[in-house]
Amino acid sequence: NAGVTQTPKFRILKIGQSMTLQCTQDMNHNYMYWYRQDPGMGLKLIYYSVGAGITDKGEVPNGYNVSRSTTEDFPLRLELAAPSQTSVYFCASKLRGAIMGEAQETQYFGPGTRLLVL
Amino acid sequence: QKEVEQDPGPLSVPEGAIVSLNCTYSNSAFQYFMWYRQYSRKGPELLMYTYSSGNKEDGRFTAQVDKSSKYISLFIRDSQPSDSATYLCATRPGSARQLTFGSGTQLTVLP
């Protein structure tokens, strides 16, 4: 299994440009998440999805959009890039289980996308 | 006030030292507690998981949760240079689907 893959690894955007960050997982996980990580700030949740066709806002959704048409893919869209969106973006996925335990709690992260908006 | 506060570090220790990493939280509804380890320029990976209060030990790592004082700790015994990473505490209430992360503590273990 490849796990969680993200593309691109690095991107420079100009202010006002748009782009889509791609995320794919091959573990048949229901739950998927998008985080951003700023230096010294931990992980902030942008959006998450509990299954195909279902998405919900996290802590910092402004300026972003998501869709979940398949179980495997969860792209993140930036419509009008701003310098405040300069960050490292991580996608993660998690198994959905009826019984809570370590396997059901473990989020698997991708390698991240570094985005610089100038 | 942030829901989860983590000692910011950075922390630098000699090889073989005992390391203590700590978080405090404000929401008494938090039930699930985790420590993630993140190597430089990599995604985080789960290191320890604990449900409710108590201790959990896994090799050189021990996670402690004290719900009465809302305190989360990770201890690393006989620290190794390979333990050099950023450690993130994370928690959630039973009703939530998403985690709340601490800001992370960067640890360097010097050979």
task: Divide the volume of the convex hull of the Cα atoms of segment B:31-81 by its number of residues and quote the answer in cubic angstrom per residue.
output: 86
query: Each residue of segment A:56-69 in turn: what ³J(HN,Hα) in whole Hz from Karplus with 6.51, -1.76, 1.60 and θ = phi - 60°, glycine and Pro shown as x?
result: 8, 6, x, 6, 10, x, 5, x, 10, 9, 9, 8, 9, 8
query: If one computes the Cα centroid of segment B:50-111 and of segment B:7-34, what distance in Å separates the two points?
result: 5
message: 7 Å from Cα along Cα→Cβ at both residue A:69 and residue A:95: what's the point-to-point distance in nm?
response: 2.9
statement: Expected integer from the mean partner chain Cβ neighbour count at 10 Å over A:41-49 is 4
- prompt: In nanometres, what is the gap between the two model label sites at residue A:17 and residue A:59, each 7 Å from Cα along Cα-to-Cβ?
  reply: 2.9
- line: Among B:60, B:41, B:92, the residue with the largest mean-square fluctuation in a Gaussian network model of chain B built from Cα contacts under 10 Å is B:41
- prompt: Taking GluC sites (Glu not before Pro) as exposed when DSSP calls them loop (any state but H, G, I, E, B) and at most 15 other Cβ atoms lie within 10 Å, what is the longest stretch of chain A free of them, the sites themselves excluded?
  reply: A:1-58
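Can you compute the FRET efficiency between residue A:44 and residue B:28 using 1/(1 + (r/R0)^6), with r the Cβ-Cβ distance and R0 = 30 Å? Round to the nearest 0.05.
0.85
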field: Calculated FRET efficiency for the pair residue B:41/residue B:73, C-beta based, R₀ 30 Å, to 0.05
entry: 0.65
field: Check: chain A dipole with +1 on Lys, Arg Cβ and -1 on Asp, Glu Cβ, in debye
entry: 340
- prompt: In nm, to one decimal, how far is the residue A:116 label point from the residue A:28 one, both placed 7 Å along Cα→Cβ?
  reply: 4.2
- prompt: With the radius of gyration and the Kirkwood radius both derived from the Cα set of chain B, what is their ratio Rg to Rh?
  reply: 0.96
Non-local Lys pairs in the protein assembly as shown, i.e. 8 or more apart or on different chains, that have alpha carbons under 15 Å apart: 5
message: Quick check: convex hull over the Cα atoms of the protein assembly as shown, volume per residue in Å³, rounded to an integer?
response: 127
task: Subtract the Cα-Cα distance of residue A:9 and residue A:84 from 0.36 nm times their separation in residues, and report this length gain in nm to one decimal.
output: 25.1 nm
- prompt: How large are Rg and Dmax for chain A when only the alpha carbon atoms are used, in Å?
  reply: 13.9, 46
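None of the figures in this text is laboratory data; all of them are computed from the coordinates on show. What you see is a predicted model; the values in this text were computed from it and never measured. Cβ: placed from backbone, ideal geometry, glycine included. Neighbour counts: every protein chain shown.
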